[in-house]
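Following: one structure in structure tokens, then a few remarks.
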Amino acid sequence: MDENKIDLSLKTMQLLQERTPPQDPGMDGPVRRTSRRIREKQNQEKNQILSPKCLTFTSEVKRRLLWNILGYREGLSEYELERLENIRQNQAFLNTLNLPQISEALRPKPKPTPKGLKREKTESEMLPVRKSLRLQNKGPPTTLTLDTTSYEEKPKKAPGPIPLDPINLDEHVRLPEDLVKLWNEVPLKQEAGTSDLISYQQMLQKLSINDSCVVKVVKDRICSAAFHPTSSNLLMAAGDKSGHLGLWKPDASWGDGGVIYFEPHSRAIISMAFSSHPCNLITVSYDGSARSMDLEKAVFDEVYRSSSGLKSFDFLSADCSSLLLGEWNGDVAVVDRRTEKIYESLYTMAANPLRCVHVHPVQQHYFVVAESRFVNIYDLRHLKRRNNLAVGELNGHSRSVSSAFFSPLTGNRVLTTCMDNTIRVFDTSLMEGRSPVLKSITHNMQTGRWLSKLSAVWDPKQQDCFVIGSVDRPRRIQVYHESGRRLHTFRNMDHLTTVCSITAFHPSRNTLLGGNSSGRLHIFTDSFIN
């Protein structure tokens, strides 16, 4: 019995030692015992988290993965390998953004060298330093004085012919023979008819512009421009607000980059057009004179002179011998260039200034007149000196009308441009009575005082399409169908950066010009100029 008790006590002591953890010498207080199940669970969790085999396995997998991607790097820790992998992934992401290409595209391009007329260098006048009355030891003025000094206008040109002397050529230098030959070239007869809209729109999409198609032709703001009717080469004329006239042939070597510069008028050249063979350029100006540029005689002949300013004109006959001119005072003058009379007849249309006159292309005794807010059609055969009645009325304009033009081939449409921000197309197949409005197109016309007014003009090759500039950004030139459908918009961020108020299509070639307020002409063409 005693031996059995001794064995039982020894087993009990061993069991207590196994269940009691060893006490830390530095620990104070009673020892807390832990059950076997709790201890085994803690040991199991500890082995799962901090098992050497598990750590070895994880590090080996990571190292193999990183070594396969980055290559073997001896002596690098796991953290350094992960850092290199992050750098590689970030660099790959940046490469997908194409940042070098984007920065290159956003870098400002160097401005092209300006072509055409050179800017004159003017020395700035040194003005005395302004001082107050206190610094001048003066008392306040007793009476108020107004500055009545007025700026003198340029003197008018003398009546009669003016010599055709280019300003930008040396004195006693004759005009280039190539210019005279091109000037007298007989234009090819244009086939009547219009192409379908699909082919016409495809033609417009082929027109483009480059550096050689932007040239400074005159010094000041362009008020009018026209194409020479020849189809073999491009020759353009432009008139500015100071009365200067510039001729430009893109591939010529004469003058300043193919530009020859004249001064036939003392005020703005507001309208111009080339006559048929023999070719002359007719220009009318605010100075009240209408002149004909004749290269054979080397003069600017005076066709007509008025006491008030001239605003517009058109040819009354197919041979361009008779002219219809509109004056600011509301009169219309009929002039025959073949006679020496001042005018054949003079009629008063309205008390308001006449802003535009245009002759019917087929029935040339009809002409349309834009009189402030009113647009009327008159019959030349029934005009009197005063109190003339219109045969047709084009109503609906709430503000002043800038222009009114018959359609080029049939005259069955009239295109008006009004300052109420509207372009209107009227049906004039029946002249008498009120002509109905076929379409009204909203277009911003508010150009301000420093730009020429916008004016919608027909394409002479296309009966039912017209072109107009725009003040919207980015700068553009727009082509419309008479139904109001926009056929094409000309844009170019490099070469078309200003408002082109003056626009015109070539009568036979696929070329469009636009003139801006700095005296530059822009050309959109399907054949680039060398």
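The values are calculated or read from the model by the stated rules, or taken from the named source; none is laboratory data. This is a predicted model, so every value here is computed, not measured. When we count neighbours, we look across all protein chains shown, and the Cβ atoms used for this are built from the backbone with ideal geometry, even at glycine. What goes into the accessible areas is simple: the full protein's heavy atoms, side chains included, and nothing from ligands, DNA or RNA. Shrake-Rupley method; radii C 1.70, N 1.55, O 1.52, S 1.80 Å.
Name the strands (runs of 3 or more DSSP E) wholly within the range 237-336 that hold at least 3 residues that are of a type in the set (Val, Ile, Thr)? Ranges flagged: 281-285, 331-336.
Here the condition is being open to solvent by 30 Å² or more (accessible area, probe 1.4 Å) and either among the small types (Gly, Ala, Ser) or in contact (Cβ under 8 Å) with a residue 40 or more places away in the chain (or both); of 415, 430, 454, 438, it holds for 438 alone. Might you check whether a residue that is open to solvent by 60 Å² or more (accessible area, probe 1.4 Å) and of a type in the set (Lys, Arg) occurs anywhere in the range 344-367? No; the residues of the range 344-367 include none that is open to solvent by 60 Å² or more (accessible area, probe 1.4 Å) and of a type in the set (Lys, Arg). For the range 156-165, indicate whether the set of residues that are assigned to a loop (DSSP other than H, G, I, E, B), open to solvent by 100 Å² or more (accessible area, probe 1.4 Å) and at pLDDT below 85 is non-empty. Taking every residue of the range 156-165 in turn, none turns out to be assigned to a loop (DSSP other than H, G, I, E, B), open to solvent by 100 Å² or more (accessible area, probe 1.4 Å) and at pLDDT below 85.
Condition check ((1) over 15 Å from residue 500 (Cβ atoms); (2) surrounded by 15 or more Cβ atoms within 10 Å (Cβ to Cβ); (3) modelled with pLDDT of 95 or more) across all residues:
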| site | (1), (2), (3) |
| --- | --- |
| 185 | yes, yes, no |
| 190 | yes, no, no |
| 193 | yes, no, no |
| 232 | yes, no, no |
| 237 | yes, yes, yes |
| 241 | yes, yes, yes |
| 254 | yes, yes, no |
| 265 | yes, yes, yes |
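All of (1) at pLDDT 90 or above; (2) open to solvent by 10 Å² or more (accessible area, probe 1.4 Å); (3) touching a Leu at 6+ places or on another chain (Cβ under 8 Å) hold for residue 323 with one exception: (2).
With respect to residue 409, determine if the residue is out of contact with any strand residue (DSSP E or B) (no Cβ under 8 Å at 6 or more places or on another chain), surrounded by 15 or more Cβ atoms within 10 Å (Cβ to Cβ) and closer than 24 Å to residue 360 by Cβ. Outline the logic, then answer.
Details: out of contact with any strand residue (DSSP E or B) (no Cβ under 8 Å at 6 or more places or on another chain): yes; surrounded by 15 or more Cβ atoms within 10 Å (Cβ to Cβ): yes; closer than 24 Å to residue 360 by Cβ: yes.
Spelling it out, residue 409 is indeed out of contact with any strand residue (DSSP E or B) (no Cβ under 8 Å at 6 or more places or on another chain), surrounded by 15 or more Cβ atoms within 10 Å (Cβ to Cβ) and closer than 24 Å to residue 360 by Cβ.
Apart from one condition, residue 139 fits all of (1) at pLDDT 80 or above; (2) more than 38 Å from the chain's Cα centre (by Cα); (3) open to solvent by 100 Å² or more (accessible area, probe 1.4 Å); the exception is (3). When residue 425 is tested against (1) buried (at least 17 other Cβ atoms within 10 Å of the Cβ); (2) in contact (Cβ under 8 Å) with a residue 60 or more places away in the chain, just one condition goes unmet, and that condition is (2).
Scan the range 462-471 and tell me whether some residue there is farther than 30 Å from residue 109 by Cβ, within 16 Å of the chain's Cα centre (by Cα) and either open to solvent by 40 Å² or more (accessible area, probe 1.4 Å) or modelled with pLDDT of 95 or more (or both). Within the range 462-471, not a single residue is farther than 30 Å from residue 109 by Cβ, within 16 Å of the chain's Cα centre (by Cα) and either open to solvent by 40 Å² or more (accessible area, probe 1.4 Å) or modelled with pLDDT of 95 or more (or both). Return yes when residue 293 is among the aliphatic types (A, V, I, L, M), closer than 19 Å to residue 241 by Cα and within 27 Å of the chain's Cα centre (by Cα) and no when it is not. For residue 293, the condition - among the aliphatic types (A, V, I, L, M), closer than 19 Å to residue 241 by Cα and within 27 Å of the chain's Cα centre (by Cα) - is not met.
If we keep just the residues of the range 357-376 that are more than 25 Å from residue 507 (Cα to Cα) and assigned to a strand (DSSP E or B), which is modelled with the lowest pLDDT? Looking at residues that are more than 25 Å from residue 507 (Cα to Cα) and assigned to a strand (DSSP E or B), I get 371. Looking at this structure, is residue 398 touching a residue at least 12 places away in the same chain (Cβ under 8 Å), part of a loop (DSSP other than H, G, I, E, B) and not charged (D, E, K, R)? Yes; evaluated as a whole, the condition is true for this residue. Being assigned to a strand (DSSP E or B), surrounded by fewer than 20 Cβ atoms within 10 Å (Cβ to Cβ) and within 14 Å of the chain's Cα centre (by Cα) holds for only one residue in 497, 447, 489, and it is 489. Of 512, 451, all but one fail to be over 20 Å from residue 201 (Cβ atoms) and hydrophobic (A, V, I, L, M, F, W, C); the exception is 451.
Going by what's in this entry, would residue 387 be described as of a type in the set (S, T, N, Q), surrounded by 14 or more Cβ atoms within 10 Å (Cβ to Cβ) and part of a loop (DSSP other than H, G, I, E, B)?
Details: of a type in the set (S, T, N, Q): yes; surrounded by 14 or more Cβ atoms within 10 Å (Cβ to Cβ): no; part of a loop (DSSP other than H, G, I, E, B): yes.
The answer is no for residue 387.
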